[in-house]
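Only one structure is covered here, and it is reproduced in the block below.
The values are calculated or read from the model by the stated rules, or taken from the named source; none is laboratory data. All values reported here derive from a predicted model rather than from experimental measurement. Counting neighbours? That spans all protein chains shown, and the Cβs are built from the backbone with ideal geometry, glycine included. All accessible areas refer to the heavy atoms of the entire protein, side chains included, with ligands and DNA or RNA removed. Shrake-Rupley method; radii C 1.70, N 1.55, O 1.52, S 1.80 Å.
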Amino acid sequence: MRHHKKNHGQYGQHGQVSDAGRAEALRLVRVTKTYGATDDGTGAAGGTQVTALDDVTLSLPTGSFTAVMGPSGSGKSTLLHCAAGLDRPDSGLVVVDGEEMTGGPGPARGEAALTRFRRTRIGFVFQQYNLLPTLTVAQNTVLPLRLAGRRVNRARVEQILGDVGLGDRLGHTPDQLSGGQRQRVAIARALVAEPSVIFADEPTGALDTRSARDVLRLLQEAVRLHGRTVVMVTHDPVAASYADTVQFLADGRLAGQMAAPTVDQIAERLAHLGDDINGTFTTTMSGV
């Protein structure tokens with residue numbers, strides 16, 4: 001069965017247009033991030049330096065669903081954090097929806113400005129849901145709007161919650177929901193603010209197989225129906241097969257990509273990921 005449906009028609013207002021004519025939602029240019037560069041945390045010199053990201057350049061079009069995969073320590077979580085503005089790269093440029101978020105020629109954004117930028121341009125779906133236990137489904141969903149001081153369109157909120165299968169759960173609290181339902185709230189919360197890019201960090205890691213499948217289909221619909229761009233970090237080839245494209249990382253560097261991926265292809269590529277660190281391996285399939 002093929003899961004891959006791409007959205008070519010709904011572009012963000014601020015996106016750059018690539019040479020191929022498709023708007024660009026996310027761009028990283030020569031992004032590098034190291035940890036422990038000068039000391040071991042005690043102030044003493046000689047600590048071990050770890051290069052989490054090594055000169056990574058990447059461009060993702062609007063209305064795409066990209067999975068990021070790699071072994072533990074490959075840099076995939078660091079890539080997500082730097083791309084989403086949760087961490088600052090040591091060097092390089094991060095552009096979201098056509099606007100430089102970090103690394104531009106002007107003065108660096110302060111934390112307050114970076115927070116405001118994230119609230120309007122970026123949505124998050126985490127493995128552990130990050131819902132407030134005392135708030136209802138509806139209240140958790142509109143929390144980003146409240147924090148940003150934006151008007152809440154109740155009809156739209158109810159529509160989105162209905163779309164994710166929670167139309168009859170608006171007054172429930174998280175402890176009254178299953179894990180899959182909690183993750184649906186997190187997806188609704190990401191959608192309601194109408195972000196340019198939704199970053200999902202192992203969104204199915206704590207779910208059973210059926211709930212994971214439902215969540216992945218909702219992420220596909222975020223792209224296909226809502227015109228969003230989804231970037232998902234995952235270790236699971238089945239989850240990655242729902243994406244349009246898989247980007248592989250190894251030792252902090254891009255190690256190839258795979259379009260229209262299947263579970264078997266992804267697993268095979270992961271088994272041989274160390275064979276090519278220079279990003280020259282590309283597999284493209286059509287009509288799977």
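Roll a 1.4 angstrom probe over the protein heavy atoms and tell me the percent of accessible area of region 119-212 that is carbon or sulfur.
Roughly 45 percent of what the probe reaches on region 119-212 is carbon or sulfur.
Loop-located trypsin sites (Lys or Arg not before Pro) across region 144-187 with a Cβ neighbour count of 11 or fewer within 10 Å are ARG151, with loop assigned by DSSP. Per-residue packing, averaged as other Cβ atoms within 10 Å, sorts the ranges 72-80, 246-254, 126-134 into the order 246-254, 72-80, 126-134, beginning with the highest. Based on the Kirkwood approach, the hydrodynamic radius assigned to region 139-288 is 16.8 Å, with every pair of different Cα atoms included.
The HN-Hα couplings worked out from phi for region 207-222 by the Karplus form 6.51 cos²θ - 1.76 cosθ + 1.60 (θ = phi - 60°) are 10, 6, 4, 5, 5, 4, 4, 5, 5, 5, 5, 5, 5, 4, 5, 4 Hz, whole numbers, x standing for Gly and Pro. Neighbours of THR234 by Cβ distance under 13 Å: Lys/Arg scored +1, Asp/Glu scored -1, total -2.
Its alpha carbons give region 156-199 an Rg and a Dmax of 10.3, 31 Å.
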